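What follows draws every value from the coordinates through simple rules; no lab data is involved. These figures come from a predicted structure and were not determined experimentally. Heads up, the Cβs are rebuilt from the backbone with ideal geometry, glycines too, and the neighbour counts pull from every protein chain shown.
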Amino acid sequence: MTDKLDKTQDTPRGSGVPMVKAEDVHKSFGHVEVLKGIDLEVKPGEVFCLIGPSGSGKSTFLRCINHLEKINAGRLYVDGELVGYRQQGEKLYELRDREVAMKRRDIGMVFQRFNLFPHMTAVENVMEAPVQVKGVNRTQAREHAMQLLERVGLADRAGHYPSQLSGGQQQRVAIARALAMEPKLMLFDEPTSALDPELVGDVLDVMRDLAESGMTMVVVTHEMGFAREVGDSLVFMDGGVVVESGHPRDVLTNPQHERTQSFLSKVL
Ligand SMILES: Nc1ncnc2c1ncn2[C@@H]1O[C@H](COP(=O)(O)OP(=O)(O)OP(=O)(O)O)[C@@H](O)[C@H]1O
Ligand SMILES: [Mg+2]
């Protein structure tokens with residue numbers, strides 16, 4: 001618990017730039033509006049959980065944060081900077097692909113499907129981006145990758161290929177791979193929902209450690225226990241809007257909106 005206290009002292013309320021800030025964010029695919037005006041704020045060091053029914057726009061919103069999707073209206077900031085645009089006076093200029101890629105380096109993303117490179121061992125998967133993208137030398141990259149594998153409890157699996165690892169182990173390698181780029185923000189999109197139930201705990205443990213280390217995390221999850229224990233904030237989304245938000249314990253145990261109540265009654 002002391003970690004949590006230190007964390008709040010590092011980033012006192014009211015000071016410091018939010019790690020993510022969404023203002024009236026809209027996103028459509030063709031004629032279908034999927035995000036209908038999202039407003040939210042993720043503070044540095046916070047574990048921010050997103051829950052909601054299938055199709056409510058959770059993945060789309062995560063993808064907007066690292067500019068895998070372009071928003072149609074509103075403003076989205078990461079660490080005080082507009083995502084995908086540069087503002088000069090009142091005018092917005094779209095960033096070039098290169099500039100977008102540079103910014104995306106700072107954001108780690110972990111998906112439901114782990115998407116490891118199948119022809120590379122665990123340690124090679126973790127080394128790849130620092131070597132290829134940042135130009136880190138292989139010896140240093142391997143050393144750092146080994147530390148990260150140790151951190152996710154897989155030092156003894158460094159030489160294994162993804163096909164030789166369980167789903168939970170693959171997901172932990174995927175987390176180590178994202179951390180290898182030393183991101184300031186980690187996005188998790190249902191990281192445990194493709195796993196056999198007995199493998200979920202190890203992945204959640206790694207995420208819990210990461211949270212305690214002070215990492216800012218936005219987590220789409222159906223793991224309400226994790227949200228309640230580890231989350232600092234929780235948002236319930238439905239139909240492309242934020243229906244309800246607050247401290248996870250409050251929202252999960254005492255939801256105010258009928259839609260939240262009905263969703264929770266199905267998943268809890
Ligand atoms: N590239 C796309 N083109 C068209 N429609 C899309 C695209 N991506 C998402 N959608 C639609 O946007 C809506 C929201 O999808 P999204 O994946 O964000 O939901 P979700 O809340 O993550 O759902 P789930 O819990 O099932 O993962 C859905 O109706 C989906 O069909
Ligand atoms: Mg999704």
Handout entry: Segment Ser193-Glu81, length gained on full extension (0.36 nm per residue, minus Cα span)
Key = 37.2 nm
Exercise for the section: Convert each backbone phi in the range 141-149 into a coupling constant with the Karplus relation 6.51 cos²θ - 1.76 cosθ + 1.60 (shift: θ = phi - 60°), then list the ³J(HN,Hα) values in order as whole Hz, x for Gly and Pro. Expected result: 4, 5, 4, 5, 4, 5, 4, 5, 5
Handout entry: Partners for Lys103 among lysines (Cα-Cα distance below 27 Å; same-chain residues under 8 apart left out)
Key = Lys7, Lys21, Lys27, Lys36, Lys43, Lys58, Lys70, Lys91, Lys134, Lys184
Practice task
Return the single residue from Pro183, Pro197, Pro53 with maximal mean-square fluctuation; model: Gaussian network over the chain, springs between Cα atoms under 10 Å.
Solution key: Pro197
Practice task
Please give the calculated 222 nm ellipticity per residue for the chain, where each DSSP H segment of at least 4 residues contributes -39500 (n - 2.57) and the sum is spread over every residue; nearest 500 deg cm²/dmol?
Solution key: -11500 deg cm²/dmol
Practice task
List every residue whose amide H lies under 5 Å from the amide H of Met237, counting only residues 5 or more places away in sequence or on a different chain, with H placed 1.01 Å from N in the peptide plane.
Solution key: Ile51, Gly52, Val243
Fill in the blank from the handout: In a Gaussian network model of the chain with springs linking alpha carbons closer than 10 Å, the residue among Phe226, Phe29, Phe117 that fluctuates most is Phe29
Handout entry: Per-peptide average of other Cβ atoms within 10 Å, ordering 164-175, 72-83 highest first
Key = 164-175, 72-83
Exercise for the section: Quick one: check the C-alpha center-to-center distance for the range 42-106 versus the range 200-262, whole angstrom. Expected result: 20 Å
Practice task
Tell me which residues come under 5 Å, amide H to amide H, from Asn72 once H is placed; ignore anything under 5 positions away on its chain.
Solution key: His26, Lys27, Ser28
Problem - Sequence-distant residues sharing a close amide H with Val110 (under 5 Å, placed H) - result: Leu187, Phe188, Asp189
Practice task
With a point put 7 Å past each Cα toward its Cβ, work out how far Glu99 is from Tyr161 in nm, to one decimal.
Solution key: 4.2 nm
Practice task
With a ≥ b ≥ c taken as the square roots of the eigenvalues of the C-alpha gyration tensor of the range 128-208, please select rounded if a/c is under 1.5 and otherwise prolate if a/b is larger than b/c or oblate if it is not?
Solution key: prolate
